[in-house]
Amino acid sequence: MTEALKKNKNIDFYLIGIGNQPIQEINNEIKSIIDSHLVFSGGKRHYELIKPLLPKKHFWITISGKMEQVVSQYKTANETVVIFTSGDPYFYGFGNTLKRFLPESILKTLPYFNSIQRLCHKTETNYNALKTVSVHGRDWSALDTALIEDHSLIGVLTDGVKTPAVIAKRLLQYGFDNYNISVGEALDGEHEIISNYDIKECTTKNHNVLNCMLLSRITPKAVSFGFPDHLFVPLPKRANMITKMPIRLNTIHALNLATKACFWDVGSCTGSVAIEAKKHYPQLNVLAFEKRKECGTIIQQNKEQFSTPGIKIIINDFFKVNLSELVIPDVVFIGGHGNRLKEMILKIHQLNPKVRFVTNAVLETTLITFKSVLTDLKYNIEATAIQINDHNKIMICSAQIEV
């Protein structure tokens, strides 16, 4: 805030959460704030709800479009602005945005219940274990993580694209059929509707765009430590073309994913390593690279088979991909390199000089190249030999930059 904005006052913004009731019931504190100010702000819907309570002479700043323009109006107001938001301003709300754009502002907040809370109240749902996510104007990652983590109750903020029907279809696609769905439309408003569905039924329904959801788990999803190899969809006529489960789990250990944010599986083939990584570390951003076109369908089928959404599949020659457009990895598994291992390591190292590398070496030449290139880059190398039945001995090699 500018010095002019701070002159003769202690608070830059009041953030007042309101419900969707056609006639707003406000307490004496909020009434006093409204009566003693002239500049107000909020969305168009908020204005319609609160307008009857505002002073006759007031100025309204509509929150829409680019936030920079809204902030500019706040600054030129030169006095305290009273902002109305839906429910709790800090629940995926405008309060977080305001603090990001004007971090030094002095705020006072008077929240109301958020929409997920109101849906829990109205459905008499115990929400002690509630996990809340938003796909409103966002990608699927938060919902995917919550589903893989097998939360017993998930609250979802939707939007006009990721509707309850679309969300239900995604749940079925990835095998999350162990949830029931409650949808609250226009909660607290004149057109409030609360509906309960099984997932399949919800896929055919249309809802008021002003809605939120509860996913209530019926039964926990059985999860094994390591997926049996025979359950993966294989490459046609190449059933053995998969990283075997004992090797896969040791590879996951070598990747040291617990503190990592983004993992690349290069030469993903059937996607077994990427899928195992995502299952054990649901919050991990996983990218699976494979140049064989038929593997795109195979990896997708395996993602659905093992209920692991959220893995980005890139079907292309790794050396033709514009890597700068992707999320930079902090750990990479090289499952295939097309005899260009050195070039691949150097290309990835340019993106992140501290990236952790892991590969499974069957050939001695692979082991030698991996050690030589990364030793020159000042990495520490570790290797563990594993042999399963009559298969070739494999060296699980990891490399971490010296600190």
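Worth pointing out:
- Only one entry in Pro55, Pro89, Pro103 is closer than 24 Å to Asn10 by Cβ and free of Cβ contacts under 8 Å to residues at least 12 places away in the same chain, namely Pro103.
- Lys237 being without any contact (Cβ under 8 Å) to a residue 12 or more places away in the chain, over 22 Å from Asp177 (Cα atoms) and in the same structural domain as Phe319 (by TED's automatic domain parsing): yes
- Qualifying helices (runs of 4 or more DSSP H) (wholly inside the stretch 265-373; at least 2 residues being within 25 Å of Ile394 (Cβ to Cβ) and within 25 Å of the chain's Cα centre (by Cα)): 272-280, 294-305
- Restricting attention to the stretch 236-259, the residues that are within 24 Å of the chain's Cα centre (by Cα) and surrounded by 16 or more Cβ atoms within 10 Å (Cβ to Cβ) total 3.
- Residue tally, condition in a strand (DSSP E or B) and within 33 Å of the chain's Cα centre (by Cα), over the stretch 383-403: 6
- Exactly one residue out of Met344, Met395 is modelled with pLDDT of 95 or more and touching a helix residue (DSSP H, G or I) at 6+ places or on another chain (Cβ under 7 Å), and it is Met344.
- Pairs, first in the same structural domain as Asn256 (by TED's automatic domain parsing) and at positive phi in the stretch 373-393, second surrounded by 15 or more Cβ atoms within 10 Å (Cβ to Cβ) and of a type in the set (A, V, I, L, M), C-beta under 7 Å, six or more apart: Lys378/Ile401
- Residues of the stretch 201-235 satisfying the condition of being more than 24 Å from the chain's Cα centre (by Cα) and basic (Lys, Arg): Lys205
- Total residues in the stretch 275-313, condition β-branched (Val, Ile, Thr) and within 19 Å of Leu255 (Cα to Cα): 4
- Screening Met344 against (1) under 21 Å from Ala277 (Cα atoms); (2) in contact with a His (Cβ under 7 Å, 6 or more places away or on another chain) leaves a single unmet condition, (1).
- Matching residues in the stretch 106-135 - criterion: being farther than 28 Å from Val81 by Cα, among the aliphatic types (A, V, I, L, M) and touching a residue at least 60 places away in the same chain (Cβ under 8 Å): Leu119
- Qualifying position, being aromatic (Phe, Trp, Tyr) and closer than 30 Å to Pro220 by Cα, among Tyr127, Tyr112, Tyr74: Tyr127
The values are calculated or read from the model by the stated rules, or taken from the named source; none is laboratory data. Given the structure is predicted, the values throughout are model-derived calculations rather than measurements. Here the Cβ is made from the backbone with ideal geometry for all residues, glycine too, and neighbour counts use every protein chain on show.
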